[in-house]
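Here's the structure, in structure tokens; my notes come after.
We did not get these values from a lab; they are worked out from the coordinates using the rules stated. On a predicted model such as this, the values are computed, not experimentally measured, just so you know. Reconstructed Cβ throughout: ideal geometry from the backbone, glycine too, with neighbour counts over all protein chains shown.
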Amino acid sequence: MEFITFADLIPIIPEIIVLLTACIVLIVDLFAPEKDRAFTLAVTTIIGLVLAMLTETQLHGKDISGFYGTVVADDFSILFEFIYMSVAILTVFVSRHYIAENEMNFGEYYVLLLTSVSGMMFMTSGLDLLVIFIGLEIMSISSYILVGMKRNLAKANEAALKYLLLGAFSTGFLLYGISMLYGATGSTLLPEIIAEIQQNGAGNPLVVVGMALVIVAMSFKIAVVPFHMWTPDVYTGAPTPVTGFLSGAAKAAGFAVFVRVLLTGIPLDSPNWKNLLWILAVLTMTVGNVMALRQNEVKRMLAFSSIAHAGYVLVAVAVGSSSAISGVIFYSCAYALMGTGAFGILTIKDAGRIPQTFDDLAGYGKRNPFLALIMTLFIFSLIGLPLTGGFIGKLQIFSAALKDGWIWLTVIAILNSALSVYYYLRVVMFMYMREGALPEGSDLSAKTSGFALTGLIGTAAAVLYLGVFPDDIMELASLSILALL
């Protein structure tokens, strides 16, 4: 009889550190002095995440598996886990002042953030569909509560309930898909599933339906049309730092699982599956961009634009080549930074109020020139202008699609990207070219939180770094694909 050994724990040491940090935060929340509690909890959370990231660097290039091959620490999982923890650290930086101003419980908030990150990490390192499911549920349950943290607001309660109901709905699809794949192949391990399918063919009805249900379930998580209906309401109703966290980290986690399952567990080589994926990509890009054009709330516009960005990444998934999948990783990293940064700007009060509509941003460039400059950088990166991470990400995906012969899909993606210029530049136009009428009693002397400003400056620097010096991340992405295959 085989027993679990210490060697089995090695690939999940970063996950263990994150969960231990959550336990420490609970204890600190109980005993820390009231006046120092907010700062202590934030710093404790950041230290725990940094320690986990340092541990990840020690696992790089080693490809260690554990628990009978159900989890693995390979370059693919390590790179994505860096993305989740980086987004979580930025979220902590922009959350401290926000949760204090909105009277949200500090300890509870950071614990849920950490457990959500740990769930994403288990999802990405899982080589077994049940491990992926467990990680997905850890992430999802924590996220449902985070979305409803503003308990006194009806909009937040509505968002949490919608997220819970539709999340449970997608979980049902995933479990049915896993059960059918298990019935057809006799295993939930991805390497064994793909070996069985390659040996006996993918024509088994259980395999076809199981594959379709898993794709539907993951499409809910990454907000692919027509499974996107929860996104605008949840992103709008959730606390703004949580919205940034979901748009950056949770979406990246969904694509990480999507790529791992499709490349190492469920072969989608037939033209029918390729057609399904590119149709979903076109629908997602187009619906996301068209709906974003109609929005007057900046947060809701960014929510619909995140759907469009999911469509761009889905183009690379449909293409399926090594360079395209490298583009998925790079673009997930770039979008996590620029999307979370844009939402992070919206956590900071401007003249005593949180900007919500485009009109609220009128005159922002004069009142907050430095923040307006950082927001402009994030907007330019979301558009995909040169010298930003967004440009390199789109270039990688579109060039991979062209190289593989997907000419019309590339043309549609470029046209959609051009369409997004209108609603993104509206933000810049209102900040710099409109005079805003401030409400009575507005406080123009209020200072920006130094904690939040530090996080935003770091994020802006990272977006520029990805745009000017992308080679290092590109190389890491390429190596991670080799590890995955």
* Structure fact -> Short to long, in 10 Å steps from zero, the percent of alpha-carbon pairs of the chain per bin is 4, 21, 32, 27, 12, 3, 1, 0
* **Estimated translational D of the stretch 11-154 in µm²/s (Stokes, Kirkwood radius over Cα pairs; 37 °C; 0.692 mPa s)** => 211
* Asked: In what sequence do Thr185, Thr454, Thr45 fall when counting other Cβ within 10 Å, fewest first?
  -> Thr454, Thr185, Thr45
* Asked: Given only helices, namely DSSP H runs of n ≥ 4 each adding -39500 (n - 2.57), what is the per-residue ellipticity at 222 nm of the chain, to the nearest 500 deg cm²/dmol?
  -> -25500 deg cm²/dmol
* Structure fact -> Under 15 Å between C-alpha atoms, the lysine pairs in the stretch 270-485 lying 8 or more places apart or on different chains count 5
* Structure fact -> Hydrodynamic calc, the stretch 1-80: Kirkwood Rh from Cα pairs, then Stokes-Einstein at 25 °C with viscosity 0.890 mPa s, so D in µm² s⁻¹ is 174
* Rg and Dmax of the stretch 192-237, Cα atoms only, in Å -> 15.2, 48
* Whole-number percent relative contact order across the stretch 132-229, with pairs defined as alpha carbons under 8 Å at least 6 apart -> 25
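Counting other beta carbons within 10 Å of each Cβ, put Phe343, Phe469, Phe169, Phe6 in order, fewest first. Mind showing how you got there, number by number?
Working: Phe343 29, Phe469 11, Phe169 14, Phe6 7.
The order, fewest Cβ neighbours first, is Phe6, Phe469, Phe169, Phe343.
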* Can you give the Rg and Dmax of the stretch 270-485 based on its C-alpha atoms, in angstrom? -> 18.4, 64
* To do: State the Cα centre-to-centre distance between the stretch 5-61 and the stretch 313-361 in whole Å.
  => 26
* To do: Quick one: grab Rg to one decimal and Dmax as a whole number for the stretch 183-307, Cα atoms only, in Å.
  => 16.9, 54
* Check the straight Cα-Cα distances from Lys251 and name the aspartates and glutamates below 13 Å, setting aside those fewer than 8 residues away within the same chain. => Glu81
